[in-house]
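The values are calculated or read from the model by the stated rules, or taken from the named source; none is laboratory data. Since this is a predicted model, take the numbers as computed values, not measurements. Cβ placement follows ideal geometry from the backbone for every residue including glycine, while neighbour counts extend to all protein chains displayed. Keep in mind that these areas ignore ligands, DNA and RNA; they rest on the heavy atoms of the full protein, side chains included. Shrake-Rupley method; radii C 1.70, N 1.55, O 1.52, S 1.80 Å.
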Amino acid sequence: MNWTQTVFEVIDLRSFSNLWFWIALAVLWSTTSHWVIGVPFDLIQRAAREGGEPFADLQSIVRVNVNRLLYISQQSGLWLTGFMCFVLTGLFLLAFVYHIEFAEALFLLGFPLSLVGLLSINTAMLIRSEGMEPEVLFRRLRRHRTYVQFIGMFSIFVTATYGMYQNLGGAYGF
């Protein structure tokens, strides 16, 4: 047995049985739920607790990110939607028609993130229409984070269930 065979036996390169995939999944969802429309959640908590200058900073960052998200969605939203639908459809076909495990893993990461993207644009539109009064802004940002965390928990559950099915299916021929 040569060196490369030993390395490839020790490191499993399949997605759902690879430790790095699960680490990436955990980091992806913890980062996604920490950054609420581009604003770190610790800044939101600090602004709610202290008010004053931290709240002014929060308003500035939220205003910049809301304007940025809405500008991108208005200028190239149709093209981005079409491109994302193309990519997700391609991944779906490669994953569940042609049974390519790497495409399955990418689809299970990408599809929920596309939902988070749509939710972020919706939240940005709501923030722009409702204004940036403290109570309204904090409620909207916390609600957005809760929805993202729910999507993340459901995504992790589905991915873990599907990954266990894939790992058992490969071992037992399901």
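The table below lists the values:
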| quantity | calculated |
| --- | --- |
| So Phe157, is it over 17 Å from Val36 (Cα atoms), assigned to a helix (DSSP H, G or I), open to solvent by 80 Å² or more (accessible area, probe 1.4 Å) and at pLDDT 95 or above | yes |
| All positions within the stretch 76-121 that are among the polar types (S, T, N, Q) and under 22 Å from Ser30 (Cβ atoms) | Ser114, Ser120 |
| Ala95 vs. criteria part of a helix (DSSP H, G or I) and either surrounded by fewer than 12 Cβ atoms within 10 Å (Cβ to Cβ) or in contact (Cβ under 8 Å) with a residue 60 or more places away in the chain (or both) | no |
| Tally, over the stretch 42-57, of residues that are under 21 Å from Leu69 (Cα atoms), touching a residue at least 60 places away in the same chain (Cβ under 8 Å) and either open to solvent by less than 20 Å² (accessible area, probe 1.4 Å) or not aromatic (Phe, Trp, Tyr) (or both) | 1 |
| Subset of the stretch 68-92 [polar (S, T, N, Q) and either in contact (Cβ under 8 Å) with a residue 12 or more places away in the chain or open to solvent by 70 Å² or more (accessible area, probe 1.4 Å) (or both)] | Ser73, Gln74, Gln75, Thr81, Thr89 |
| Qualifying residue in the stretch 39-57 (condition: assigned to a strand (DSSP E or B) and hydrophobic (A, V, I, L, M, F, W, C)) | yes |
| Identity of the residue in the stretch 123-135, at pLDDT 95 or above and open to solvent by less than 40 Å² (accessible area, probe 1.4 Å), that ends up nearest to Ala47 (Cα to Cα) | Ile127 |
| Members of the stretch 107-140 that are within 16 Å of the chain's Cα centre (by Cα) and closer than 30 Å to Glu50 by Cα | Val116, Gly117, Leu119, Ser120, Ile121, Asn122, Thr123 |
